[in-house]
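*Asks:* Got a structure here, written out as structure tokens. Questions coming.
The values are calculated or read from the model by the stated rules, or taken from the named source; none is laboratory data. This structure is a prediction, so every number in the text was calculated from the model and none was measured.
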Amino acid sequence: MRKNRFIPGWIIMTTVFFVAGFNLQTINVHAYIDPSAVTYVIQAVAGVVIALGAALTIFRHKIFAFLKKGKGEEEKKEIHFDDDASSDDSASSDGFNGEA
């Protein structure tokens with residue numbers, strides 16, 4: 001059995017209010033928007049979006065460091081390479097000497 005879908009009265013009244021308001025406030029305007037003007041606006045918006053994306057990419061490390069500033073210091077893991085393994089005759093070419 002299918003339930004009846006109920007739309008609250010305030011949604012209907014709000015919709016009617018705005019639709020009636022927009023229809024009552026319209027006036028006839030004989031204007032023309034040139035397609036090149038619209039293209040110019042689109043290009044300007046795209047340029048701003050690309051510039052913001054580039055700035056965010058360039059400064060993301062500083063932004064993330066600023067946001068993580070109050071969360072404590074991260075532990076830095078240090079990696080040490082053994083230079084003696086490469087001079088050993090028993091060592092293979094990949095740096096492992098086979099010792100466990």
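*Asks:* When you check Thr26 against the structure, is it part of a helix (DSSP H, G or I) and either at negative phi or modelled with pLDDT of 85 or more (or both), yes or no?
*Replies:* No; evaluated as a whole, the condition is false for this residue.
*Asks:* Let me ask something additional. I'd like the full set of residues that are modelled with pLDDT of 85 or more and of a type in the set (Val, Ile, Thr), limited to the stretch 29-74.
*Replies:* Once the filter is applied, which keeps residues that are modelled with pLDDT of 85 or more and of a type in the set (Val, Ile, Thr), the stretch 29-74 yields Val38, Thr39, Val41, Ile42, Val45, Val48, Val49, Ile50, Thr57, Ile58.
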